[in-house]
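Visitor: Handing you a structure now.
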Amino acid sequence: ERGWGLAAPLLRAAGVNIPHARRLQLSVAALGLLRLKLHPGPLLRARPHRLAARDELRAEICFSLGHALWLNDRYRTCALWVRTLPAALRTAAPGRRARALAIHGFLATMFGPVRQTGGHALFDRALALAESCGDRDARSWALIFRLICNLNRAESADSLKQIEHALSSIDDRSIESGWLRSDVLVGYGWTLLLHGRLGELRAAARNLFQR
């Protein structure tokens, strides 16, 4: 809560108002996700264009605060991301658009009334766009968002393959590579535990503590 209190002046300056009441946060998040579900075409097929500097900054602020404070307050983070997602999906910057597609897939899979396959398709698009423009950070985010969804959805059959792919794919030159790799290793440990692969779990734990 202290983190959100410190972020409040920045959000106000960016023109973003997130209600304090939990039921209102849930309403903002649910309505935003429902709007994306009912009318995805105009956003996903819209011709990219250069956003106003204020809109670009607002989307960047909301993304950065959201991923920093996600574990402390998921519903408020969801409301925060939903507010700027429509603009981010239309930006002319391909890396930021790829990241927005990954967030859309993440929110739709974790919270939205859509089939799991819909989220996977968005992740595929995000990865393809990030790779086509050579944005290492956007590619790392697409991988980690997909992985979190798999782990939370208990798709353990695919999780180990996804984790091993993520560990080999996260570029050490990426801005977020350090903590992304550590988070992936934590997920790897839980998945190995669920599979009863304790020898590999000990090795993963040593790797994580060494980092």
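Listed here are the residues, each with its yes/no results for (1) within 24 Å of residue 8 (Cβ to Cβ); (2) hydrophobic (A, V, I, L, M, F, W, C).
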| site | (1), (2) |
| --- | --- |
| 54 | yes, no |
| 58 | yes, no |
| 61 | yes, yes |
| 65 | yes, yes |
| 75 | yes, no |
| 79 | yes, yes |
| 104 | no, no |
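Visitor: Follow-up question, since we're still on this one. Is there any pair linking a residue in region 78-101 that is within 14 Å of residue 35 (Cα to Cα) and assigned to a helix (DSSP H, G or I) to one that is open to solvent by 40 Å² or more (accessible area, probe 1.4 Å) and acidic (Asp, Glu), with Cβ under 7 Å and at least six apart or on different chains, and which?
Guide: 87/55
Visitor: How about region 1-20: which of its residues are open to solvent by less than 40 Å² (accessible area, probe 1.4 Å) and out of contact with any helix residue (DSSP H, G or I) (no Cβ under 9 Å at 6 or more places or on another chain)?
Guide: Once the filter is applied, which keeps residues that are open to solvent by less than 40 Å² (accessible area, probe 1.4 Å) and out of contact with any helix residue (DSSP H, G or I) (no Cβ under 9 Å at 6 or more places or on another chain), region 1-20 yields only 8.
Visitor: Has region 44-54 got at least one residue that is over 12 Å from the mean Cα position of the chain (by Cα), surrounded by 16 or more Cβ atoms within 10 Å (Cβ to Cβ) and over 18 Å from residue 122 (Cα atoms)?
Guide: Looking only at region 44-54, we keep the residues that are over 12 Å from the mean Cα position of the chain (by Cα), and these are 44-54.
Subsequent filtering for residues that are surrounded by 16 or more Cβ atoms within 10 Å (Cβ to Cβ) retains 51.
From what's left, over 18 Å from residue 122 (Cα atoms): 51.
Yes, that holds for at least one residue.
Visitor: A further question follows. Of all residues in region 55-65, which are surrounded by fewer than 20 Cβ atoms within 10 Å (Cβ to Cβ) and among the small types (Gly, Ala, Ser)?
Guide: Quick first cut of region 55-65, residues surrounded by fewer than 20 Cβ atoms within 10 Å (Cβ to Cβ) only: 55-57, 60-61, 64.
If the condition is that a residue be surrounded by fewer than 20 Cβ atoms within 10 Å (Cβ to Cβ) and among the small types (Gly, Ala, Ser), then 64 is the only one that fits.
Visitor: Next question. Restricting attention to helices (runs of 4 or more DSSP H) lying wholly within region 2-68, give those where 2 or more residues are at pLDDT 80 or above and either more than 14 Å from residue 100 (Cα to Cα) or not small (Gly, Ala, Ser) (or both).
Guide: 2-13, 22-38
Visitor: Now for a separate question. Pairs under 9 Å by beta carbon, first residue more than 14 Å from residue 128 (Cα to Cα) in region 138-157, partner modelled with pLDDT under 85 and among the acidic types (Asp, Glu), six or more apart or different chains?
Guide: Taking only residues 6 or more apart or on different chains, the pairs are 144/176; 144/183; 147/183; 148/183; 149/155; 150/158.
The values are calculated or read from the model by the stated rules, or taken from the named source; none is laboratory data. Because the structure is a prediction, the values reported are computed rather than measured. Cβ sites come from the backbone with ideal geometry, for glycine too, and all protein chains shown count toward neighbours. For the accessible areas, the whole protein counts, side chains as well, though only heavy atoms, and no ligand, DNA or RNA atoms are used. Shrake-Rupley method; radii C 1.70, N 1.55, O 1.52, S 1.80 Å.
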